[in-house]
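Okay, structure first, notes after.
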Amino acid sequence: MTTTSSPPARVDVTQYAGKDTLIRLIRQEYKQAFDMLVAASEQQWHAQTPCDMWEVRDMAGHLLDAAYCYLGYFKQGEYGWPTEEPRGMRAYGEGLGHSALEYRDVYRWEVLGRLDACAELLFSYFDRLTEDEWAGRLVPHKWVGPVPAFMMAAFQLMDYSVHNWDLRKALGKEAFVEREASDTLVPFMFGLMQICFAPELAEGLNLTVDVQISTSDDEHWTVRVASGALTFAPGAPENADASFTFPCHEFCLDVYQRLQGGQASGDQAAIDNFRKLFFTI
């Protein structure tokens with residue numbers, strides 16, 4: 001007789017009790033990215049990734065740039081220094097796209113040495129966060145503004161999980177997002193959906209969407225678009241104009257606009273309108 005076991009329930013990494021899980025996943029995803037970058041041939045180092053502006057070498061530059069900036073954000077917050085007005089996610093994609101290209105002038109193995117050094121130091125910052133600091137300490141972020149410290153770790157997991165898919169595609173490997181990482185990221189994907197919402201494209205729209213995701217528990221989320229704003233909450237709506245059903249990993253890739261995943265049902269106009277409401281980062 002064979003038995004099948006259900007995946008473990010999602011750990012709430014916004015709570016301090018979930019800190020070890022989040023940091024373990026970041027380290028796991030980082031190691032996979034770093035190992036791929038080290039093992040890449042010189043030809044692969046220049047291979048195009050799914051990110052239009054970037055080759056594999058630029059992905060390494062981006063990961064280094066992000067870790068370097070995060071270290072600065074933590075120090076800026078620690079000293080209570082002034083912060084600039086958030087630049088917003090509209091400028092995020094182009095801004096980070098060009099920042100990564102600046103590392104093309106740096107010798108490959110120096111880029112990777114810098115990345116490993118910065119990542120190790122950044123992860124040690126996450127390790128040292130206390131229970132009060134995990135959700136109670138605000139860290140400045142030049143694109144989205146001050147965020148709780150745990151969000152800096154969550155951003156790193158988002159970065160590495162999705163960019164590992166990019167790297168696998170670019171290097172000719174089977175492309176996937178790790179199950180536990182994608183499951184952990186589901187609630188954050190709705191937050192990303194919200195900050196990448198383009199209200200000017202929603203003028204006159206009033207939509208209720210049911211998003212079902214195959215995760216540790218098959219779960220439903222309600223997404224509403226009304227009065228030029230997008231809101232979300234766990235649980236299925238009583239009535240939906242459109243429904244989307246995703247395998248967990250495809251949901252993350254869909255929100256990041258790497259692919260159009262899942263299956264849609266309901267009113268076709270509502271499906272089409274909903275899919276057009278987001279700008280790319």
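The values are calculated or read from the model by the stated rules, or taken from the named source; none is laboratory data. Keep in mind that this is a model prediction, so the values were computed, not measured. All Cβ positions, glycine included, derive from the backbone under ideal geometry; neighbour counts span all protein chains shown. Each accessible area value is taken on the protein alone, full model and side chains, heavy atoms only, with ligands, DNA and RNA left out. Shrake-Rupley method; radii C 1.70, N 1.55, O 1.52, S 1.80 Å.
Overview of results
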{"quantity": "Any hit, region 73-85, residues being closer than 22 Å to Tyr30 by Cβ and touching a residue at least 24 places away in the same chain (Cβ under 8 Å)", "calculated": "yes"}
{"quantity": "In region 163-221, the residues that are hydroxyl-bearing (Ser, Thr, Tyr) and touching a residue at least 40 places away in the same chain (Cβ under 8 Å)", "calculated": "Ser182, Thr184, Thr215, Ser216"}
{"quantity": "Answer from Leu192, Leu112, Leu101 - the residue that is closer than 23 Å to Cys252 by Cβ and either in a helix (DSSP H, G or I) or open to solvent by 70 Å² or more (accessible area, probe 1.4 Å) (or both)", "calculated": "Leu192"}
{"quantity": "Residue count for region 130-179, restricted to those that are over 21 Å from Asp52 (Cβ atoms), assigned to a helix (DSSP H, G or I), of a type outside the set (Phe, Trp, Tyr) and at pLDDT 95 or above", "calculated": "12"}
{"quantity": "Qualifying residue in region 38-49 (condition: closer than 24 Å to Phe123 by Cα, open to solvent by less than 80 Å² (accessible area, probe 1.4 Å), among the hydroxyl-bearing types (Ser, Thr, Tyr) and touching a residue at least 24 places away in the same chain (Cβ under 8 Å))", "calculated": "no"}
{"quantity": "Selected residue (only one of Glu29, Glu120 is in a helix (DSSP H, G or I) and open to solvent by less than 20 Å² (accessible area, probe 1.4 Å))", "calculated": "Glu29"}
{"quantity": "Residue, farthest from the chain's Cα centre (by Cα), within region 108-123, restricted to residues that are farther than 15 Å from Ala153 by Cβ and acidic (Asp, Glu)", "calculated": "Glu110"}
{"quantity": "Qualifying residue in region 2-16 (condition: under 18 Å from the mean Cα position of the chain (by Cα) and open to solvent by 90 Å² or more (accessible area, probe 1.4 Å))", "calculated": "no"}
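Table: residues versus (1) of a type in the set (A, V, I, L, M, F, W, C); (2) farther than 19 Å from Leu96 by Cα; (3) open to solvent by 10 Å² or more (accessible area, probe 1.4 Å).
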{"site": "Pro146", "(1), (2), (3)": "no, no, yes"}
{"site": "Ala154", "(1), (2), (3)": "yes, no, no"}
{"site": "Glu174", "(1), (2), (3)": "no, yes, yes"}
{"site": "Glu178", "(1), (2), (3)": "no, yes, yes"}
{"site": "Ala181", "(1), (2), (3)": "yes, yes, no"}
{"site": "Leu185", "(1), (2), (3)": "yes, yes, no"}
{"site": "Asp210", "(1), (2), (3)": "no, yes, yes"}
